[in-house]
Amino acid sequence: MTETDVWLTLTPLGTLHAFADAEPDATQLALQKLLSARNALRQDEWAEGIRHHQEILAEARSRDWIGVLRRPVPGPDVRLDDFAQHVIAPLSGERRAVLASDGGFCLGYSGVDLDEAETLSVAAADFAAYARRQSQRGWTGAQRYVSFFSDMHLLVPDWSFVPFWVDGAGYWLIAGGEPLLNNLAMVELVWSIRLAGKRFRPDTDPA
């Protein structure tokens, strides 16, 4: 089987890794390329222009960041009205979820009312500012996921905040209950945002 017989896509784990940083490294940028077109890329198409693509591919496959396909799978074609229900909601065990910009603008929500969605979006922006301050002090741990619990046993969170960056813009997925991040909806979410361009990106964020 040759490179022209194989198509590649990101797994949910690969998507979370590839879009985890505001300033992606070379490996992350190479992985991001897999969600840049309206269809899954053939392996040779993906490899074009990427230095050390064989090493990147070997690492990605060993870490389960990449899935191999036998046919060209189309990217998501989700209408804005259906976005929250079909893309965001499956990432929460309770189907309560919010998509927010890094600046606190609510971009979509499911299973909650608008007031709660906006409150959670502002909370995400506040935490983003906190994470940036900690990073400036030399601790990068706050830049990853954070969950809030009301149960003292810390078994199932009330809310989990998942940051990711797409084409330089910061986003937060806020999932109620158990976060279901190992779900193909995570790939669809990021791929949809990339294909939509500025459709989900606000012109201005609230102060």
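Among the residues making up segment 1-48, those that are touching a Phe, Trp or Tyr at 6+ places or on another chain (Cβ under 7 Å) and among the charged types (D, E, K, R) are Asp21, Lys33, Arg42. Among the residues of segment 2-43, just one is in contact with an Asp or Glu (Cβ under 6 Å, 6 or more places away or on another chain), modelled with pLDDT of 95 or more and over 20 Å from Asn182 (Cα atoms), namely Gln43. So which residues in segment 144-164 are in contact with a strand residue (DSSP E or B) (Cβ under 7 Å, 6 or more places away or on another chain) and of a type outside the set (Gly, Ala, Ser)? Within segment 144-164, Tyr145, Val146, Phe148, Pro157, Asp158, Trp159, Phe161, Val162, Pro163, Phe164 qualify.
When Ala60, Ala26, Ala84, Ala37 are screened for being touching a residue at least 12 places away in the same chain (Cβ under 8 Å), surrounded by 18 or more Cβ atoms within 10 Å (Cβ to Cβ) and more than 21 Å from Ile174 (Cα to Cα), only Ala60 passes. If you filter segment 126-160 down to residues that are of a type in the set (Phe, Trp, Tyr) and farther than 17 Å from Ser92 by Cα, you find that the one that is surrounded by the most Cβ atoms within 10 Å (Cβ to Cβ) is Phe127.
The helices (runs of 4 or more DSSP H) located wholly in segment 1-103 that include 1 or more residues which are in contact with a helix residue (DSSP H, G or I) (Cβ under 6 Å, 6 or more places away or on another chain) occupy 12-18, 26-32, 43-47, 53-62. For Leu120, the criteria (1) part of a helix (DSSP H, G or I); (2) surrounded by fewer than 21 Cβ atoms within 10 Å (Cβ to Cβ); (3) without any contact (Cβ under 8 Å) to a residue 60 or more places away in the chain hold in every case but one, which is (2). Scanning segment 157-172 for residues that are outside any strand (DSSP E or B) and either charged (D, E, K, R) or modelled with pLDDT of 95 or more (or both) yields Pro157, Asp158, Asp167. Close contacts from segment 95-112, counting a first residue that is on the phi > 0 side of the Ramachandran plot and among the charged types (D, E, K, R) and a second that is assigned to a strand (DSSP E or B) and buried (at least 21 other Cβ atoms within 10 Å of the Cβ), with Cβ to Cβ under 9 Å and a gap of 6+ residues or different chains, come to Arg95/Ser110; Arg95/Gly176.
The C-beta contact set for segment 134-146 (first residue modelled with pLDDT of 85 or more, second residue part of a loop (DSSP other than H, G, I, E, B) and loosely packed, with under 14 Cβ neighbours inside 10 Å, distance under 9 angstrom, 6+ apart or interchain) comprises Gln134/Thr140.
The values are calculated or read from the model by the stated rules, or taken from the named source; none is laboratory data. If you're wondering where the values come from, they're calculated on a predicted model, not measured in any experiment. Positions of Cβ are backbone-derived with ideal geometry, glycine not excepted, and every protein chain shown enters the neighbour counts.
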